[in-house]
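Every read-out reported here was derived from the displayed coordinates using simple, explicitly stated rules and does not represent laboratory data. Remember, it's a predicted structure, so these values are computed and weren't measured experimentally. We place every Cβ from the backbone using ideal geometry, glycine too, and count neighbours over all the protein chains shown.
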Ligand SMILES: Nc1ncnc2c1ncn2[C@@H]1O[C@H](COP(=O)(O)OP(=O)(O)O)[C@@H](O)[C@H]1O
Ligand SMILES: [Mg+2]
């Protein structure tokens, strides 16, 4: 959370609101019309966020209209109940200023998160986008549009849940003034119809912004503004900025950001269906799950569960300290231990088939967590499936997989020691699935084991 300075205008820290029910702690942000504050509820000392209109608007001849529209924001927010939509706590008038009190989402907005951490992994970005997408579906079910979806209006809770905030533009908040002042849209995220005098808005308007948000999360680059695109400045395909973006995601982004709204998926559901199956969607295949457990709960410890009493603490330590090679070897050893194949030193297909789900998940979650979503079985599984892998041995898919995860370079399979044991490696490069840590002789074994492992339904 960042508090921005700004004494002199607006409310000051320590100031009470609504008969001292709320005490202001500081300012969180300031937009064209509104100011957002962090506050404390005197009754239970709980933190809340208070949004109000700028006091300079009090002297504006249109003030009554702004106040009514602002009340609409509160009303719309209170109508949309969903775990991924910020919850409204109260609405009141203080002095002459209307105020919305809402749930405080401890965490950062997606803009700040990407500024700080850089490009997100596809797994993490899709996790947020799907959650926000489900929230937007609820907004649309009420016959409303958000119209201002962008990274700054999505908060990420500490537990990796994404929450949609800022309904200030929903249903065309102050359209005349915002257009006149160019404040009612954000370049890059707003679709072309929002630039028009009489835009034809529908669900596809939010689809564009959602796709543009995904573009940003995966490239750390705001997309070319729609009005520029209309002037023949093309949108750079996201893949050119981040080569790790999968084909399916690239297609979904570009389709969602079609300039011609009739070419976009006409609803958020349809657009979400274009995205690849979420990894970490444990045990489910086919069908879209509304809430996807995040496979990379970065700040949370992974439960080191084992069905065979195997101790994963050393693996945890190695991964935490970025010792990727040792961690890979430890993974192989632990997998052999779980399967009771330490002596033989390799896993058969049936061992992988019978490999306990709990252990598979523990190992996977550790890799996903410490690599920020870059490595892990579930990451490899997503890549494998995106290439059409089903578990059946298929040389073409296997080679394509090798190319994608960087196990094969210039049509040659790499020796184990030539793998990249650092986070610059391709997505899915590690772990080597506990399969054949030896030279190239183990390749066929890896190939068979890989198909079996990556087609497991519980991965
Ligand atoms: N409920 C909330 N919990 C935590 N931070 C919030 C919350 N609402 C807003 N913020 C922070 O304040 C910023 C501005 O709030 P927002 O409602 O988007 O107003 P604006 O109209 O100024 O864009 C957001 O980008 C976010 O960083
Ligand atoms: Mg905002």
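What the table shows:
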quantity	calculated
Computed Rg/Rh of the stretch 105-175, alpha carbon atoms with Kirkwood Rh	0.99
Anisotropy class of the stretch 44-102 from Cα gyration tensor, a/c 1.5 cut	oblate
Cα gyration tensor, the stretch 38-195 - rounded (a/c under 1.5), prolate or oblate	oblate
Beta bridge orientation in the chain: antiparallel %, DSSP, nearest 5	95 percent
Peptides 44-50, 355-361, 256-262 ordered by average Cβ neighbours within 10 Å, highest first	355-361, 256-262, 44-50
The chain: angle of helix 203-219 to the longest principal axis, Cα-based, in degrees nearest 10	50 degrees
Cα gyration tensor, the stretch 344-425 - rounded (a/c under 1.5), prolate or oblate	rounded
By average C-beta atoms within 10 angstrom, highest first, the peptides 417-424, 207-214	207-214, 417-424
The chain: relative contact order as a whole-number percent, Cα under 8 Å and 6+ apart	11 percent
Crossing angle, helix 122-141 versus the chain [Cα axis fit, 0-90 degrees, rounded to tens]	40 degrees
P(r) weight above 30 Å for the chain, C-alpha pairs, percent	50 percent
Between 0 and 90°, nearest 10: helix 395-405 axis offset from the chain longest Cα axis	60 degrees
Over the chain: helical MRE at 222 nm, DSSP H runs n ≥ 4 each giving -39500 (n - 2.57), nearest 500	-11000 deg cm²/dmol
Residue exposure sequence - 401, 63, 167 - by fewest surrounding Cβ within 10 Å	63, 401, 167
